[in-house]
Amino acid sequence: MRKLVIGDIHSGLRALKQVLELAKVNPKDHLIFLGDYVDGWSDAVETINFLIQLKHTHHCTFLRGNHDELCYDWLFKGKDNPTWFNHGGRTTVASYEKTDSNTKDAHINFYQSLENYYLDEKNRLFLHAGFTHLRGIEYEYFTKNFYWDRTLWELALSLNPHLSPDDMHYPSRLKQYYEVYIGHTPVTRIGKTTPQKAGNVWNVDTGAAFKGPLSIVDVDSKEIWQSDPVYTLYPGENGRN
């Protein structure tokens, strides 16, 4: 069984189908989705429908992203969030305007079922964004940090690449886990389009919402698969640009 981690999709269903095929995903694989399933391209409803069906045939762990919470707040609670609307939400709202109440109810259940993090048997942590407590996730007071925090990735990027985890100066926050896998902050911000490792943190958000591809990483072998740049699969659309 492979353990495969999938970066931020942002409604790019065509890219998701493409990269799952490239990785030759099968029902024995454990698929860990890092969140942000919607807000970007035009397939918001179709993406969630696909993921719901995928859970019936594959071993899936679905983590919560900040965009998923924002969509849930609008869909279930009727919260009007102009900032979200201008950062991908407008396209998501347009997608939901074409669907029925039963589909919306099923999607609300999906959003409610999302997990804040997943910790495996090898002490590898998977979550959308990060955490701030020096002793790890169990001590995190502000649980929204799991899908909103950016300081974990900033901390990892600031490390001297030659610093060992055994060094007394290695950050306590990062010592808690063997590896940490996140999305949330696109690596395109540092000029990259492939998953990046800084310290013991892997960032798998390769900018699918913008001009980058969607990526899958095998957490054991570190093999990487990538879709075409997602914008090329949605001609005439702008994504989150």
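The values are calculated or read from the model by the stated rules, or taken from the named source; none is laboratory data. This structure is a prediction, so every number in the text was calculated from the model and none was measured. Cβ atoms come from the backbone with ideal geometry, glycine included; neighbour counts cover every protein chain shown. Remember, those area values only see protein heavy atoms, side chains included, never the ligands or the DNA or RNA. Shrake-Rupley method; radii C 1.70, N 1.55, O 1.52, S 1.80 Å.
Observations
- Cα gyration tensor, the stretch 113-174 - rounded (a/c under 1.5), prolate or oblate: prolate
- The residues neighbouring TRP225, those whose beta-carbon lies less than 10 Å from its own, together hold a net charge of -2 under the Lys/Arg +1, Asp/Glu -1 convention.
- Remark: accessible surface ordering of LYS192, LYS197 (largest first) is LYS197, LYS192, probe radius 1.4 Å.
- Extension gain from ARG135 to ASN81, taking 0.36 nm per residue of separation minus the Cα-Cα distance: 16.1 nm
- Cross-link table LYS175/LYS197; LYS79/LYS197; LYS79/LYS175, entries beyond 27 Å C-alpha to C-alpha: LYS79/LYS197; LYS79/LYS175
- Scoring 122-131, 216-225, 22-31, 162-171 by mean Cβ neighbours within 10 Å over their residues and listing the highest first yields 122-131, 216-225, 22-31, 162-171.
- Summed over the residues of the stretch 73-141 and divided among them, the accessible surface reaches 58 Å² per residue at a probe radius of 1.4 Å.
- Portion, in percent, of the accessible area of the stretch 27-133 that falls on carbon or sulfur, probe 1.4 Å: 48 percent
- Translational diffusion coefficient of the stretch 138-193 (Stokes-Einstein, Kirkwood radius from Cα pairs, 10 °C, 1.306 mPa s): 123 µm²/s.
- Packing here is the average count of other Cβ atoms within 10 Å per residue, and on that basis the peptides 48-61, 177-190, highest first, run 177-190, 48-61.
- Whole-percent P(r), the stretch 122-241, all Cα pairs, 10 Å bins from 0: 13, 41, 32, 11, 2, 0.
- Here the convex hull built on the C-alpha positions of the chain has a volume of 121 cubic angstrom per residue.
- About the Cα centre, charge dipole magnitude for the chain (Lys/Arg +1, Asp/Glu -1 at Cβ), debye: 220 debye
- Note on the stretch 1-134: Cα-only Rg and Dmax are 14.8, 45 Å.
- ³J(HN,Hα) computed for each position of the stretch 126-134 - Karplus, 6.51 cos²θ - 1.76 cosθ + 1.60, integer Hz, glycine/proline x: 10, 7, 5, 10, x, 8, 10, 6, 5
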